[in-house]
1. Looking at Glu27, Glu5, Glu52, which is the one that is within 21 Å of Trp123 (Cα to Cα) and free of Cβ contacts under 8 Å to residues at least 12 places away in the same chain?
2. Inside segment 86-112, can you point out the residues that are at pLDDT 95 or above, among the hydrophobic types (A, V, I, L, M, F, W, C) and not in a strand (DSSP E or B)?
3. Just to be sure, is Ser14 of a type in the set (Ser, Thr, Tyr) and within 14 Å of the chain's Cα centre (by Cα)?
4. Could you tell me how many of the residues in segment 52-68 are surrounded by fewer than 15 Cβ atoms within 10 Å (Cβ to Cβ), acidic (Asp, Glu) and either part of a strand (DSSP E or B) or modelled with pLDDT under 95 (or both)?
5. Could you look through segment 84-105, keep only residues that are exposed (fewer than 12 other Cβ atoms within 10 Å of the Cβ) and free of Cβ contacts under 8 Å to residues at least 60 places away in the same chain, and pick out the one that is nearest to Pro22 (Cα to Cα)?
6. Does any residue of segment 95-114 turn out to be among the basic types (Lys, Arg), farther than 22 Å from Glu5 by Cα and within 15 Å of the chain's Cα centre (by Cα)?
7. Quick test of your reading of the structure: Lys72 fulfils all but one of (1) in a loop (DSSP other than H, G, I, E, B); (2) of a type outside the set (S, T, N, Q); (3) over 25 Å from Ile124 (Cα atoms). Name the failing condition by number.
Amino acid sequence: MQKIEPINIMNKFSLFNEKWTPKIIGELNGQHVKLCKLQDKFVWHSHKNEDELFMVFKGILSIDFRDGRTIKVKEGEILIVPKGIEHRPYTNGEIVFSLLFEPKTTLHTGKVKSKLTVKKLDWI
C-alpha cells in the first residue's frame, strides 16, 4: 500500500537554499507540486501549453507583464498566469517562498534557455 501522510510545507522549505530551483514535494493527476525559493529577478518567459499557479507562503512576489502591469502576490495569495502570457517574476531582494502546481513536463523557464534553467528537478 502506498504511504499516505501529510507534508509539512515549511519544513520542506528548510531543506534547501537554492533560488529559482523548484523542488518537487508531491505528484497528482499528472502534475508536480513544487516549492521554490525566489530572490531578485527571474527571466522573461511564457508557457505555451500550461497555466502557471504561484502561491506565496512567505514574502511578496512581484510579476511583470509585457503590457506594463506589475502584480504583487502577498503571503497567503495565489496568482494564476494563463498559458502563453509572457511574464517575469521578481522580488525586492527578500527571499520569497512559493508553491507551484504544474504539469510534470513543464520547464520553469518555458522555452527560454538561461543560466537559471533547471532541466532535472529534485524531489525533497
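1. Numbers: Glu27 fails: free of Cβ contacts under 8 Å to residues at least 12 places away in the same chain; Glu52 fails: free of Cβ contacts under 8 Å to residues at least 12 places away in the same chain.
Glu5 is the lone residue from the list that is within 21 Å of Trp123 (Cα to Cα) and free of Cβ contacts under 8 Å to residues at least 12 places away in the same chain.
2. Passing the criteria: only Ile95.
3. On the way: of a type in the set (Ser, Thr, Tyr): yes; within 14 Å of the chain's Cα centre (by Cα): no.
In short, no.
4. Within segment 52-68, residues that are surrounded by fewer than 15 Cβ atoms within 10 Å (Cβ to Cβ), acidic (Asp, Glu) and either part of a strand (DSSP E or B) or modelled with pLDDT under 95 (or both) number 0.
5. Initially, segment 84-105 is screened for residues exposed (fewer than 12 other Cβ atoms within 10 Å of the Cβ), giving 93, 104-105.
If we keep only those that are free of Cβ contacts under 8 Å to residues at least 60 places away in the same chain as well, we get 93, 105.
Values: Gly93: 18, Thr105: 13 Å.
Taking the candidates together, the pick is Thr105.
6. Pass one, segment 95-114, residues among the basic types (Lys, Arg): 104, 111, 113.
Within this subset, residues satisfying the condition of being farther than 22 Å from Glu5 by Cα are 111, 113.
From the residues that got through so far, the ones that are within 15 Å of the chain's Cα centre (by Cα) too are none.
No, there is no match, as no residue in segment 95-114 is among the basic types (Lys, Arg), farther than 22 Å from Glu5 by Cα and within 15 Å of the chain's Cα centre (by Cα).
7. The one condition Lys72 does not meet is (1).
The values are calculated or read from the model by the stated rules, or taken from the named source; none is laboratory data. Since this is a predicted model, take the numbers as computed values, not measurements. Neighbour counts run over all protein chains shown; Cβ positions are idealised from the backbone, glycine included.
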